Amino acid sequence: MNFQITNALMATTVFNLGPGEYGLLGSVMAIGTLAAALLAARRKKARMLYVVGGALAFGLTVSVAAIMPSYFWYAVALVPVGLAALTFMNACNTTVQLTTDATMRGRVLAVYMVVLQGGTPIGAPLVGWIATEFGARWSLGLGAVVALVAGFAALILMNRRNHVRLRDQVRDLRPSFMVHGLR
């Protein structure tokens, strides 16, 4: 989630624009994060579905943003990226706090914050190096792949723990307007 780097690179190196357009990208992304914050405020309880779904949605939306052909469409794609990013972060924060024993909560949150905040000094130079060597789109794409792999790994582990088959979950995702037996 190094968008301060990737948005700057997309604005300047991919779309050949300036600092004003870079700043606008952050504002546009904030529309999605505000929407996610409002949706999170309506939730009654934390669910792992939001953690896993947020990771998968984040990976998918970032991959779509990475291939946008113009500045305008990239900016539009940042709205769902912001929504997915904040949904994921909020779900992670809520889950860590509500599922940890009260006597261990401070220690667990300390480790969680070290991992969360400590990832930036490692991730930011890596994102910058990938963008320098392969281009800004590749740095976004690689981040999307990491989020998707992590989301699918979490989904598989969660399903194994709950003795649920992924095939059954996909079958249950059929739209409700479909007539049973017709595909």
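The values are calculated or read from the model by the stated rules, or taken from the named source; none is laboratory data. In this text, all values refer to a predicted model and were calculated from it rather than measured experimentally. Here Cβ is always computed from backbone atoms with ideal geometry, including for glycine, and neighbour counts include all displayed protein chains. Note: areas computed on protein heavy atoms with side chains; ligands, DNA, RNA excluded. Shrake-Rupley method; radii C 1.70, N 1.55, O 1.52, S 1.80 Å.
Numbers at a glance
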{"read-out": "Selected residue (only one of Gly135, Gly119, Gly151, Gly123 is surrounded by 18 or more Cβ atoms within 10 Å (Cβ to Cβ) and of a type outside the set (Phe, Trp, Tyr))", "value": "Gly151"}
{"read-out": "Matching helices (runs of 4 or more DSSP H) fully within the range 1-107 where at least 2 residues are more than 19 Å from Leu155 (Cβ to Cβ) and not hydrophobic (A, V, I, L, M, F, W, C)", "value": "3-9, 19-42, 71-99"}
{"read-out": "Residues satisfying the stated conditions in the range 5-26, i.e. open to solvent by 70 Å² or more (accessible area, probe 1.4 Å) and among the hydroxyl-bearing types (Ser, Thr, Tyr)", "value": "Thr13, Tyr22"}
{"read-out": "Test result for Thr100, under 19 Å from the mean Cα position of the chain (by Cα), more than 25 Å from Ser139 (Cβ to Cβ) and open to solvent by less than 80 Å² (accessible area, probe 1.4 Å)", "value": "no"}
{"read-out": "Every residue from the range 38-59 that is under 16 Å from the mean Cα position of the chain (by Cα), modelled with pLDDT of 90 or more and surrounded by fewer than 15 Cβ atoms within 10 Å (Cβ to Cβ)", "value": "Leu39"}
{"read-out": "Cβ pairs under 8 Å, 6+ apart, first in the range 148-163 and within 15 Å of Gly54 (Cβ to Cβ), second aromatic (Phe, Trp, Tyr) and crowded, with 16+ Cβ neighbours inside 10 Å", "value": "Gly151/Phe58"}
{"read-out": "Close pairs (6 angstrom Cβ cut-off, 6 or more residues apart or separate chains): β-branched (Val, Ile, Thr) in the range 41-56, open to solvent by less than 80 Å² (accessible area, probe 1.4 Å) anywhere", "value": "Val51/Ala91; Val51/Cys92; Val51/Thr95; Val52/Gly151; Val52/Ala154; Val52/Leu155"}
{"read-out": "Scan of the range 160-169 for residues that are assigned to a helix (DSSP H, G or I) and either at pLDDT 85 or above or surrounded by fewer than 11 Cβ atoms within 10 Å (Cβ to Cβ) (or both), ordered by number", "value": "Arg160, Arg161, Asn162, Arg167, Asp168"}
